[in-house]
Every structure is written in structure tokens, then in C-alpha cells.
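Working notes for the structure below.
The values are calculated or read from the model by the stated rules, or taken from the named source; none is laboratory data. Being a predicted model, the structure only gives us computed values, none of them experimental. Cβ placement follows ideal geometry from the backbone for every residue including glycine, while neighbour counts extend to all protein chains displayed. In case anyone asks, the SASA skips ligands and DNA or RNA and just uses the protein heavy atoms, side chains included. Shrake-Rupley method; radii C 1.70, N 1.55, O 1.52, S 1.80 Å.
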Amino acid sequence: VQLQASGGGLVQPGGFLRLSCAASGSIASIDIMGWYRQAPGKQREMVAVSRNSGTTNYADSVKGRFTISRDSAKNTVYLQMNSLKPEDTAVYYCHALIIPSKMNYWGQGTQVTVSS
């Protein structure tokens, strides 16, 4: 299973970006897809996750600004990021939990830089 993330880049404060992540390979079903991020010198943290049941969770720091969505038919997850702040600068990683194996997979990471 491979996760291919795209959509990162450099944006000014207040701007927006949309990240995409497509899963490919031998996939029976994906339970959870989501996004994590890691800023320099900090631990990786959850940004937003989407469960197969339809429920979503967001980090408090991104609530109201970021929206996660999912196209299950395409095994793809998106992260719409609005009102970006400099503190959103990080490498963003896509994650998927595959069932029934319950294996975790990570994408290669995409850099998001918010700076004027």
C-alpha cells in the first residue's frame, strides 16, 4: 500500500491550500484516513482524521479553519486549509489505517510553509 500526498507549498498568512492523498495497492478497506503534521523541533501531531463511519476529528488549533473530506471510492482524502497561520508551517503527513489487517501506512510528507 502506498500513500501519495500532494498540494503543499508556500502561502501567505490568511491564504489557503488544499492537500490530497491517494492510497493505492492491495487495499481491502480503509477504516481511517487522516493528516498529521510535524514542525521543526516538535513532535508529530494529529491535524484531522476521517473515519469510515463518517465521523471526523480535528485538532483544536485548526477547528473552523481546516476541513477534511474523503472520497472512499477513490481511496483519497483531502485537507482544505483556510486562514493559514505561520504556526501551521510543518511537514504534513497522510495516514491510513487499513482493515482487516489494521496496518498503519504513512505518506512521504508534503511541506506547507506559511510566511509573508
Quiz prompt | Top-ranked residue of segment 57-86 - restricted to ones that are open to solvent by 60 Å² or more (accessible area, probe 1.4 Å) and either outside any loop (DSSP other than H, G, I, E, B) or among the aromatic types (Phe, Trp, Tyr) (or both), ranked as nearest to Lys102 (Cα to Cα) | solution = Ser72
Exercise. Given the conditions (1) in a strand (DSSP E or B); (2) touching a Leu at 6+ places or on another chain (Cβ under 6 Å); (3) open to solvent by 10 Å² or more (accessible area, probe 1.4 Å); (4) modelled with pLDDT of 95 or more, report the number of the one that Tyr36 does not fulfil.
Key: (2)
Quiz item: For segment 87-116, how many residues meet the condition of being more than 13 Å from Val47 (Cβ to Cβ), in contact (Cβ under 8 Å) with a residue 12 or more places away in the chain and in a strand (DSSP E or B)?
Solution: 10
Quiz item: How about segment 39-50: which of its residues are hydrophobic (A, V, I, L, M, F, W, C) and open to solvent by 50 Å² or more (accessible area, probe 1.4 Å)?
Solution: Met46
Quiz prompt | Odd one out for Leu10, checked against (1) surrounded by 14 or more Cβ atoms within 10 Å (Cβ to Cβ); (2) within 14 Å of Tyr92 (Cβ to Cβ); (3) of a type in the set (A, V, I, L, M) | solution = (1)
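Confirm whether Ser26 is small (Gly, Ala, Ser), open to solvent by 50 Å² or more (accessible area, probe 1.4 Å) and under 14 Å from Tyr105 (Cα atoms).
Numbers: small (Gly, Ala, Ser): yes; open to solvent by 50 Å² or more (accessible area, probe 1.4 Å): yes; under 14 Å from Tyr105 (Cα atoms): yes.
Criteria met by Ser26.
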Self-check item: Per-region count, segment 60-107, residues under 12 Å from the mean Cα position of the chain (by Cα), of a type in the set (Gly, Ala, Ser) and over 13 Å from Ala22 (Cα atoms)
Solution: 1
Quiz prompt | Single unsatisfied condition, Ser53 versus (1) under 16 Å from Met103 (Cβ atoms); (2) surrounded by fewer than 12 Cβ atoms within 10 Å (Cβ to Cβ); (3) not basic (Lys, Arg) | solution = (1)
Practice problem: Scan (1) out of contact with any Cys (no Cβ under 6 Å at 6 or more places or on another chain); (2) modelled with pLDDT of 95 or more; (3) of a type outside the set (Phe, Trp, Tyr) for the single condition Ser53 breaks and write down its number. | Solution: (2)
